[in-house]
Amino acid sequence: MSQFLSKWFIVETAFAQVHQEPTFNSSCLTEGVLGESCRILDQKENWFQVRLEDGYEGWMNSFYGIEQSERNKPTHRIVFPNEKGFFDPLFPFGAKTDQNLPGSIQLTDILEFDQILPVAINLLGIPYKWGGKTSLGFDCSGLVQSVFKPCGLDLPRDSFQQRDFFADYEIDFEECNPGDLHFFGKNGKVTHVAISTGGKGILHAQGMVREDNLGNEKIFSNQKLLDMYMSTHSIRSKFRS
């Protein structure tokens, strides 16, 4: 394995599926995105065992990119304003590039908390995809990780890891602010995460990226999810501590 530790696999497609085993028949765990630098851990024929930038490990097929001795070093995030006044990426969501491109740089290069919801709202309607974390499809924790990253907030990949990450910052449901995280599950096991939109509203990936309500008084309340509610965690307290 040591022979690979100085090598990188650079994703050259919009996304690259990461599998549990070196075969397309195994489960897709997550995805790499365009320009992501993945540390090579091992190789079996045309499959690389890689560690993604968020620490996630799995197997990626070689046709998704190239092998090189240095990691990719992107310098800017390229965006443009849309008709809603928010900012859309010029590449598949979360993608990176080291190419020279014309553009402009904002004075503030970290969007912070007040941009979490605008970024998330831009993704409404995108289909659910197990293991997905790009604008071609998200799972619940992939959505949260991908929304928070351009806001300068790096989160772990899976929902149970995200809850552990914010374990010391649990708050009452009624105390949540827009952008805080709600976690759901059964028998003490976290299986779902959603972003608070304020009050009892949430934005999450379930079937597609959608908005829901966790209030019993609402006609369109997601009662099934409400029954699985576990905890709420403050984003601001974590990153300002």
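The values are calculated or read from the model by the stated rules, or taken from the named source; none is laboratory data. Note that the coordinates shown come from a computational prediction; the quantities given were computed from them, not determined experimentally. Positions of Cβ are backbone-derived with ideal geometry, glycine not excepted, and every protein chain shown enters the neighbour counts.
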Among the residues of region 216-227, is any of a type in the set (Asp, Glu) and either in a strand (DSSP E or B) or at pLDDT 95 or above (or both)?
no
Given (1) under 17 Å from the mean Cα position of the chain (by Cα); (2) at negative phi; (3) not in a strand (DSSP E or B), index of the condition Gly179 fails:
(2)
Condition test on Leu52, is it in the same structural domain as Arg210 (by TED's automatic domain parsing), aliphatic (A, V, I, L, M) and at pLDDT 80 or above?
no
Does region 42-49 include one or more residues that are within 18 Å of the chain's Cα centre (by Cα) and in a loop (DSSP other than H, G, I, E, B)?
no
Options Asp154, Asp164, Asp168: the member that is of a type in the set (Asp, Glu), assigned to a loop (DSSP other than H, G, I, E, B) and out of contact with any Leu (no Cβ under 7 Å at 6 or more places or on another chain):
Asp154
Quick check on Lys149: is it surrounded by 22 or more Cβ atoms within 10 Å (Cβ to Cβ) and in contact (Cβ under 8 Å) with a residue 24 or more places away in the chain?
no
Hey, among Pro74, Pro102, Pro92, Pro150, which residue is over 30 Å from Trp59 (Cβ atoms) and at pLDDT below 95?
Pro102
Filter region 182-217 down to residues that are under 17 Å from the mean Cα position of the chain (by Cα) and of a type in the set (Gly, Ala, Ser), then give me how many there are.
4
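Every residue, every condition in (1) more than 19 Å from Leu225 (Cβ to Cβ); (2) touching a helix residue (DSSP H, G or I) at 6+ places or on another chain (Cβ under 7 Å); (3) among the polar types (S, T, N, Q), yes or no:
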site: Ser146; (1), (2), (3): yes, no, yes
site: Cys176; (1), (2), (3): no, no, no
site: Leu181; (1), (2), (3): no, yes, no
site: Gly185; (1), (2), (3): no, no, no
site: Lys200; (1), (2), (3): no, no, no
